[in-house]
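Below you'll find the structure, written out as structure tokens, and then a few comments.
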Amino acid sequence: MITGFNTDIKHNEKVYHVQTEDKGVGNPYIESLVYVGGEILASKKTSYAEQLKSGVDDKWIGGLMEQQHRTMIAAIKRGRFDAPADTTKASQKATMDGSSVVLETPAAPAPVSGSAPLSTLAEEKTLDQVIIDYLASEAESEHLELALLDQLDFFAGASIEMRIAARKSLSQAPIPAAAIEVKVISTVEPPRVIFRGKTAADGTATVRCTIPLFREGTAAVIISAQSPIGNDEVKQLVKRRK
């Protein structure tokens, strides 16, 4: 089992906590949970049971975890969970591309003894409508997502080699020929491009470059990918050796 990801995202004055973890090869799926105020607002599960049969390693599973974690963060930023928690009175479930998504809402409070039961509001969507709207919005939001396949530190003055992957956010299909650029920005020098290339047919690329030596200030590496279905980037802090 691989260590998971935990991220707090502030959106429209709400703080969303995203948690993603691997359930392990004995129960092979990745689960992401979105919390608001300590309550689970949404969850997403992706099985990798089929891939496990052909053999996958911790790096591959870690890449899948990161990709799903970033997908949930992107959904928050796009306003996917902006609707009030009580929009529906039941959980809404949908399955697509081998992963399941469950939008969870708290149950309606029980009526006070002796009072009339609560009636369904006319403007409330039916469960079928919610599912159709959800699948439609997912289909419309397919975009590029970039993931680092290697876990490594970025040190000033050091040569690095890393593998990256550009995939479609929903189907996880590889994106070939995505333009890759690695740039270094710092507080003491102008931005500097240290690598340009493209992803191969499997959506991956091997990046080999040298990070400039910085003796003062702070710096970061920005790895970006561009394709016809969108752009994405990953930022990594540049460290200085002690």
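Here is the figure for the range 191-225: residues that are of a type in the set (S, T, N, Q), without any contact (Cβ under 8 Å) to a residue 60 or more places away in the chain and either farther than 19 Å from residue 163 by Cβ or in a strand (DSSP E or B) (or both) total 4.
Within the range 45-56, does at least one residue satisfy the condition of being among the small types (Gly, Ala, Ser) and at pLDDT 85 or above?
Yes, some residue in the range 45-56 is among the small types (Gly, Ala, Ser) and at pLDDT 85 or above.
Only a single item in (1) modelled with pLDDT under 90; (2) touching a Leu at 6+ places or on another chain (Cβ under 9 Å) is not met by residue 162, and it is number (1). The sole residue among 178, 158 that is closer than 28 Å to residue 75 by Cα and among the aliphatic types (A, V, I, L, M) is 178.
Rundown of residues vs (1) buried (at least 18 other Cβ atoms within 10 Å of the Cβ); (2) of a type in the set (D, E, K, R); (3) over 17 Å from the mean Cα position of the chain (by Cα); (4) part of a loop (DSSP other than H, G, I, E, B), yes/no style:
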{"position": "8", "(1), (2), (3), (4)": "no, yes, no, no"}
{"position": "26", "(1), (2), (3), (4)": "no, no, yes, yes"}
{"position": "30", "(1), (2), (3), (4)": "yes, no, no, no"}
{"position": "35", "(1), (2), (3), (4)": "no, no, no, no"}
{"position": "82", "(1), (2), (3), (4)": "no, yes, yes, yes"}
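When 21, 13, 39 are screened for being assigned by TED's automatic domain parsing to the domain that holds residue 75, touching a residue at least 12 places away in the same chain (Cβ under 8 Å), surrounded by fewer than 15 Cβ atoms within 10 Å (Cβ to Cβ) and not aromatic (Phe, Trp, Tyr), only 39 passes. Please work out if residue 21 is assigned to a strand (DSSP E or B) and of a type in the set (Asp, Glu). For residue 21, the condition - assigned to a strand (DSSP E or B) and of a type in the set (Asp, Glu) - is met. Within the range 42-80, the residues that satisfy the criterion of being part of a loop (DSSP other than H, G, I, E, B), surrounded by 15 or more Cβ atoms within 10 Å (Cβ to Cβ) and either in contact with a Pro (Cβ under 6 Å, 6 or more places away or on another chain) or among the basic types (Lys, Arg) (or both) are 48, 80.
The values are calculated or read from the model by the stated rules, or taken from the named source; none is laboratory data. Keep in mind that this is a model prediction, so the values were computed, not measured. Note: ideal-geometry Cβ built from the backbone for every residue, glycine included; neighbour counts use all protein chains shown.
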